[in-house]
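Let me begin by handing over the structure; questions about it come next.
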Amino acid sequence: MAYDFAAIESKWQQRWDEQHAYAAPNPGDDGFDASKPKFYCLDMFPYPSGVGLHVGHPLGYIATDVVARFERMLGRNVLHPMGFDAFGLPAEQFAIETGVHPRVTTEQNIANMVRQLKRLGLGYDWDRTVSTTDPGYYRWTQWVFLQLWNSYVDPATGKAEPIGELVAKLESEKYLVGPDAELIADYDGLDAIEGQPIGSRPWSDLTQEQRHRLLDEYRLAYLAEVDVNWCPALGTVLANEEVTADGRSERGNHPVFKRPLKQWMLRITAFADRLIDDLDLVDWPESIKLLQRNWIGKSIGAEVDFRVTIDDPDTHATMDTEIRVFTTRPDTLFGATYMVLAPEHPLVASITTDEQSEAVRAYVAEAAKKTNVDRQQDAKEKTGVFTGGYAVNPVNDQPIPVWVADYVMMGYGTGAIMAVPAHDTRDHEFARTFDLPITEVIKGSIDFRDEAYTGEGPYTQWAQNDEVSLVGCTMAKAKAKMIDWLGTKGLGHAKVQYKLRDWLFSRQRYWGEPFPVLHELDDAGNPTGHVIGVPEADLPVELPELDDFKPEPMDDPDAPPRPPLGRAPESWRIVERDGKRYARELNTMPQWAGSCWYYLRYLDPHNDEAMVDPATERYWMTGDDRRSGVDLYVGGVEHAVLHLLYARFWHKVLFDLGHVSTPEPFGKLFNQGYIQAYYYEDERGVRVPATEVTTTDGKPAYEAQGTKGATFTYEGQPVNEKYGKMGKSLKNAVAPDEICEQYGADTLRLYEMYMGPLDQSKPWNPQDIVGVHRFLQRVWRNFVDDEADALLVDEHAPDEDQLRLLHKTIKAVTDAMGSMSVNVAIAKLIEMNNAMVAMDRLPRALAEDFVRMLGPLAPHLAEELWERLGFGFSVTVADWPRHDERFLVEDTIELPVQVNGKLRGRVVVPADADRAAIESSARAAAESDEAVAAAVTGKSIRKVIVVPGRLVNLVVG
RNA sequence: GCCGGAGUGGCGGAAUUGGCAGACGCGGCGGAUUCAAAAUCCGCUGGUGGCAACACCUUGAGGGUUCGAGUCCCUCCUCCGGCACCA
């Protein structure tokens with residue numbers, strides 16, 4: 001019997017299952033050891049898709065499994081759970097394809113994935129698994145939603161508080177209500193009549209209806225009529241994050257249109273600053289932090305009002321109004337020579353003169369027809385039309401023309417800009433296209449007539465008026481000076497602007513969490529516009545059973561959405577409460593809802609009383625000597641601005657409300673790379689199954705993949721080789737089951753870890769798998785005499801060299817594992833094993849520690865050898881070996897001797913030799929060593945560089 | 001266009017952060033074993049020149065700093081990812 005991986009692996013997988021080997025007790029549970037520090041190791045949980053896993057999926061899972069096992073052996077309480085993000089489009093799509101209810105297919109898919117994961121020997125605590133579609137789970141998703149709905153962000157503290165606090169502050173008149181529903185706390189400095197700021201009112205003056213609406217203005221979850229991304233083909237709206245740059249749905253690649261719809265929104269923008277600032281608290285890749293910062297897109301600048309004369313649309317009387325713009329460059333205000341309104345800007349119609357009205361109307365209509373896609377594609381050429389109207393530049397009283405152009409977006413800032421062609425590239429392009437004046441207010445290194453100068457520089461004579469001058473200022477100073485001046489004149493003020501929008505939170509889908517809210521109906525059965533939350537005791541609001549759960553795709557982008565829950569029985573849709581009738585919300589939550597907080601439910605998954613027990617949460621999410629939150633979170637970069645931003649937002653709300661104890665959920669984030677693979681396309685560009693492609697001379701494709709000049713065929717036809725992320729769509733997926741069948745799970749694990757650095761993408765190469773498989777076989781043969789079924793391990797003490805080998809390896813492997821350089825750790829173990837081949841019987845000390853180190857990487861083989869070494873269950877709870885420095889020091893070392901930086905020879909010196917000793921032996925070598933002597937002959941040694949322990953360099957000349 | 005990241009043998013990748021470039025694995029070549037093959041074991045394997053010892057070259061290209069550069073600095077090229085008229 002050789003190394004029978006199939007028997008060994010199923011034996012140990014069964015044992016781990018039966019013994020709950022990876023169950024992590026909570027504080028207070030049996031077997032909980034409070035003396036150990038915690039380690040919370042988390043994977044981004046998968047969608048249980050119907051096709052199961054390919055070998056790319058478990059890359060991150062294997063990595064966390066290795067780390068989790070390593071940390072456990074180092075003596076930590078390790079929590080390593082796994083669950084399923086089963087709501088949402090993929091699961092529903094799969095269910096639609098197969099015609100089976102998503103609950104059924106989801107359960108099947110989960111079962112299949114659990115089987116696949118267990119087969120890889122992944123040490124998850126399966127007692128803690130969750131599925132977002134389980135009513136026992138989404139009950140708490142709905143509960144978190146109610147927390148959001150019942151909270152607001154207090155403008156004074158920037159923190160979420162229960163909405164009741166706001167009511168209390170309004171009742172006690174700590175806040176008054178301003179004309180735009182703003183909360184006014186500071187009475188001083190405001191013009192006031194009889195002690196009340198003008199236009200503001202106390203809470204007591206508001207009607208019931210007004211109070212209701214005011215609170216809705218502040219809730220973190222609110223209904224609003226907003227321009228949404230409507231995807232008729234999917235029959236649903238999408239979040240900004242779910243729409244690609246070219247204006248199509250990320251899923252399915254269907255066109256997306258902007259249209260106003262009343263939808264649930266989450267007020268993530270209230271957390272924009274904290275979402276930026278708190279990135280400093282976490283250990284994440286800088287690139288991901290940057291992506292989030294860019295996505296939030298904070299710009300500091302000013303809002304400025306430009307006076308303009310318009311025709312009142314009702315009375316046709318001429319009147320003055322203002323166009324408000326946002327700018328990051330108030331210092332260039334003197335150079336504003338025209339203005340631009342977005343085509344959707346409300347003032348466009350009234351500002352347009354009669355002569356221009358035809359042209360403007362045509363332009364606006366044209367712009368409205370364009371989808372995001374068109375607007376993107378047309379971005380290269382500037383278009384626009386003059387309104388005929390003029391505004392007044394407030395700094396120099398110059399009349400400036402007002403244009404309409406689609407390079408200004410209604411969705412950002414105020415939908416209007418002041419154009420400074422001398423110092424803004426887009427404005428410059430536009431000014432050149434339409435021959436508009438360009439005024440240089442900063443002297444740059446380039447001619448302002450050719451190109452906009454956006455850098456720092458001296459302000460020109462134009463940058464001043466009678467009251468304020470920017471001449472001689474730095475840019476920062478100039479900005480501050482202008483904002484100051486605008487403020488005193490009542491023309492503008494400092495303003496912070498974000499790209500981040502509030503999060504569109506409803507979908508016209510069946511397979512999602514129902515909203516725990518009710519819409520009040522009047523006697524005629526029409527909604528009154530009032531919403532109440534479902535009491536916590538009545539949660540969950542379960543999804544009704546529907547025979548037809550399909551969304552309704554629509555050809556007409558203007559047709560109203562028809563959510564599938566509208567087809568639920570009236571008994572579900574209509575609720576009576578306190579003699580009033582209410583309609584349930586028919587939209588469902590988006591896919592991201594369940595994944596925003598799942599890491600908290602793992603901590604206490606069976607708790608019926610609370611989302612998570614507070615003491616349990618505190619233990620796993622805080623550690624006195626460790627970073628707060630999850631200790632290691634591993635997943636793909638694709639979630640950089642979706643899941644990772646949403647989850648941080650929810651976490652902060654829960655933090656403010658006192659439900660969690662850390663400001664950030666994920667202390668350390670690691671992005672694994674993708675497994676890439678070659679794929680093949682025929683002449684029409686159609687992808688063909690990669691496994692069936694051969695080289696032109698009939699060899700398997702992988703033997704020549706990536707080689708220059710190689711040619712490939714599929715069914716006799718030539719195909720082109722390409723390279724991309726492994727997956728179904730490229731027809732280059734490899735199933736882990738196949739590899740487990742052929743080589744075993746340990747081999748697959750080891751191969752994926754050995755491919756290269758975890759954070760890099762790298763190609764799947766079937767040829768390389770045999771390398772690590774041979775290593776495991778060699779380990780087996782080193783340890784076990786198959787003939788005699790006996791262990792080749794003796795009790796004899798290891799000699800000096802063997803100890804040196806052992807401790808050198810322990811140090812190297814421990815260091816490598818600690819820095820997640822698993823590929824290097826494996827290389828060191830291979831080296832040690834190769835050295836052990838020469839020993840005919842292994843000294844026990846080496847054998848034991850080798851098996852310990854193998855444990856996290858190849859747990860099945862390690863368990864088997866551990867048992868044969870006579871230990872009890874299991875190597876997963878064995879101690880990680882520690883190296884002993886004494887065995888690392890050598891008596892003598894060989895130092896390279898360089899001459900002018902080139903290696904010429906070597907000298908052997910005592911390990912503790914000092915500089916002088918090393919120098920003199922190097923000088924001696926310059927006489928005795930042929931190569932060194934040859935290099936220095938005829939020259940004199942000018943200088944000797946000695947780096948003790950590393951090398952010596954003779955500088956000659 | 002802007003912002004990130006990366007370029008090391010035929011391939012995947014090492015290199016204690018400025019100190020022996022190419023660890024380890026794959027592939028290739030040669031040998032042992034075998035009737036033969038698989039498996040296994042041993043040896044060689046960056047390039048060029050040379051019978052050879054050896055010499056020279058070599059970390060995308062070019063320049064610089066340094067006794068010494070894959071590593072630091074400047075310029076450029078290529079690939080990958082993100083954002084994209086964000087005022």
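Tell me the carbon and sulfur percent of the accessible area for chain A, rounded to whole percent, probe radius 1.4 Å.
Its accessible area is 49 percent carbon and sulfur atoms.
Next up: Regarding region A:1-154, what whole-number volume in Å³ per residue does the convex hull of its Cα atoms give? List each step's numbers first, then the result.
Numbers: hull volume 28.9 nm³, N = 154.
It comes to 188 Å³ per residue, whole-number rounded.
Can you tell me the Rg and the Dmax, both Å, for the Cα atoms in region A:395-517?
Radius of gyration, then largest Cα-Cα span, for region A:395-517: 20.0, 65 Å.
Another question about this same structure. How would you classify region A:756-814 from its alpha-carbon gyration tensor, with a ≥ b ≥ c the square roots of the eigenvalues: rounded for a/c under 1.5, else prolate if a/b is greater than b/c, otherwise oblate?
Taking the square roots of the gyration eigenvalues as a ≥ b ≥ c, region A:756-814 is oblate.
Let me make sure I get this right: for region A:244-299, a, b and c are the square roots of the gyration tensor eigenvalues over alpha carbons, sorted descending. Under 1.5 in a/c it's rounded, otherwise prolate if a/b > b/c, else oblate. Which is it?
Taking the square roots of the gyration eigenvalues as a ≥ b ≥ c, region A:244-299 is oblate.
Follow-up. Note the full-extension length gain between A:LYS699 and A:ASN526 as 0.36 nm times their separation in residues minus their Cα-Cα distance, in nm to one decimal. Spell out each step's value before the answer.
Numbers: separation 173, 0.36 × 173 = 62.28 nm, distance 7.09 nm.
Result: 55.2 nm gained on full extension.
In angstroms, what radius of gyration and Dmax does region A:793-848 have, counting Cα atoms only?
Computed over the Cα atoms of region A:793-848, radius of gyration and Dmax are 11.7, 34 Å.
OK, next. Cα axis of helix A:859-868 to longest principal axis of chain A: angle in degrees, 0 to 90, nearest 10?
Between helix and principal axis, roughly 30 degrees.
Using the Kirkwood radius built from alpha carbon pairs, what does the Stokes-Einstein equation give as D for region A:808-956 at 10 °C and 1.306 mPa s, in µm² per second? Mind dumping the intermediate values first?
Values: Rh = 18.4 Å.
The calculation lands on 86 µm²/s.
Which percent, nearest 5, of DSSP beta bridges in chain A are antiparallel?
Just about 80 percent of them are antiparallel.
Now a separate question. Can you pull the Kirkwood radius for region A:280-419, inverse mean 1/r over Cα pairs, to one decimal in Å?
16.6 Å
So if I average 1/r over every pair of distinct C-alpha atoms in region A:592-728 and take the inverse, what Kirkwood radius in Å does that give?
Evaluated over region A:592-728, this radius sits at 18.7 Å.
How much mean residue ellipticity at 222 nm does chain A get from its helices, if each DSSP H run of length 4 or more adds -39500 (n - 2.57) and you divide by all residues, to the nearest 500 deg cm²/dmol?
Roughly -10000 deg cm²/dmol at 222 nm, from the helical runs in chain A.
Before anything else, pin down the relative contact order of chain A: Cα pairs under 8 Å, at least 6 apart, normalised by residue count, whole percent.
13 percent
Tell me, in nm to one decimal, what length is gained between A:GLU787 and A:ARG562 on full extension, where the rule is 0.36 nm per residue of separation less the Cα-Cα distance? Don't skip to the answer; put the middle values down first.
Values: separation 225, 0.36 × 225 = 81.00 nm, distance 7.14 nm.
Result: 73.9 nm gained on full extension.
Would you calculate the convex hull of the Cα atoms in chain A and tell me its volume per residue in Å³?
Convex hull volume per residue, Cα atoms: 269 Å³.
Please express the Cα-Cα pair-distance distribution P(r) of region A:759-852 as a list of whole percents, one per 5 Å bin, running from 0 to the bin with the greatest distance.
For region A:759-852, the pair-distance distribution reads 3, 12, 21, 22, 18, 12, 7, 4, 1, 0.
Between 0 and 90 degrees, rounded to the nearest ten: what's the tilt of helix A:643-656 against the longest Cα principal axis of chain A?
Once rounded, the angle reads 70 degrees.
Using θ = phi - 60° and the Karplus relation 6.51 cos²θ - 1.76 cosθ + 1.60, list the HN-Hα couplings for region A:507-519 in order, rounded to whole Hz, with x at every Gly or Pro.
Working through the residues one at a time gives 9, 8, 9, 8, 7, x, 6, x, 6, x, 9, 10, 9 Hz.
A follow-up question, please. Take every Cα-Cα distance within region A:71-149, group them into 10 Å bins from 0 onward, and report for each bin the whole-number percent of pairs it holds.
Reading upward from the zero bin: 16, 36, 31, 14, 3.
Hey, another quick one. What are the semi-axes of the equivalent ellipsoid of region A:807-887, taken as the square roots of 5 times the eigenvalues of the Cα gyration tensor, listed largest first and rounded to whole Å? Write out the running numbers ahead of the final one.
Values: eigenvalues 68, 51, 31 Å².
Here the semi-axes work out to 18, 16, 12 Å.
Let me ask something additional. Taking the 0 to 90 degree range and rounding to the nearest ten, how far is the long axis of helix A:800-818 tilted relative to the main principal axis of chain A, both from C-alpha atoms?
10 degrees
Taking the Cβ-Cβ separation of A:GLU250 and A:ALA916 as r and a Förster radius of 56 Å, what is the calculated FRET efficiency to the nearest 0.05?
0.25
Where only protein heavy atoms count, and the probe is 1.4 Å, what is the accessible area per residue for chain A in Å²?
44 Å²
Kirkwood-based Rg over Rh for region A:450-602 (C-alpha set), two decimals?
Numbers: Rg = 27.3 Å, Rh = 21.2 Å.
Computed over Cα atoms, the ratio is 1.29.
To the nearest µm²/s, what D does Stokes-Einstein give for region A:9-97 at 4 °C and 1.567 mPa s, using the Kirkwood radius over alpha carbon pairs as Rh?
Details: Rh = 15.4 Å.
Calculated translational D: 84 µm²/s.
Once you place label points 7 Å from the Cα toward the Cβ at A:ARG324 and A:SER571, how far apart are they in nm?
About 5.2 nm separates the two model spin labels.
Label A:GLU209 and A:GLU681 with points 7 Å out from Cα along Cα→Cβ: what is the distance between them in nm?
With each label point 7 Å from Cα toward Cβ, the separation is 6.0 nm.
Sticking with this one: Which whole-Hz ³J(HN,Hα) couplings does region A:712-718 yield from phi under the Karplus relation 6.51 cos²θ - 1.76 cosθ + 1.60, θ = phi - 60°, glycine and proline marked x?
Karplus values, whole Hz, x for Gly and Pro: 10, 9, 9, 6, x, 9, x.
Moving on to the next point. Rounded, prolate or oblate, given the Cα gyration tensor of region A:659-710, with a/c below 1.5 counting as rounded?
prolate
While we're on this one: Arrange the peptides A:120-127, A:476-483, A:901-908 so that the one whose residues have, on average, the most other Cβ atoms within 10 Å appears first.
Top to bottom by mean Cβ count within 10 Å: A:120-127, A:476-483, A:901-908.
Moving on to the next point. What spacing in nm lies between the two simple spin-label points modelled at A:LYS481 and A:VAL104, each 7 Å away from Cα in the Cβ direction?
That separation, rounded to one decimal, is 7.6 nm.
Place a point 7 Å from the Cα of A:LYS728 along the Cα-to-Cβ direction; which residues of region A:63-103 have their backbone N under 18 Å from it?
A:84-103, by backbone N distance to the label point.
Output the peptides A:808-817, A:10-19, A:30-39 sorted from most to least packed, where packing is the average of other Cβ atoms within 10 Å over each peptide's residues.
A:808-817, A:10-19, A:30-39
Fully extended, how many nm does the chain gain between A:ASN720 and A:PHE873 (0.36 nm per residue separation, minus their Cα-Cα distance)?
49.9 nm
The values are calculated or read from the model by the stated rules, or taken from the named source; none is laboratory data. Since the model is a prediction, treat every value here as computed from it, not as a measurement. Note that each Cβ is placed from the backbone with ideal geometry, even for glycine, and that neighbours are counted across all protein chains shown. In case anyone asks, the SASA skips ligands and DNA or RNA and just uses the protein heavy atoms, side chains included. Shrake-Rupley method; radii C 1.70, N 1.55, O 1.52, S 1.80 Å.
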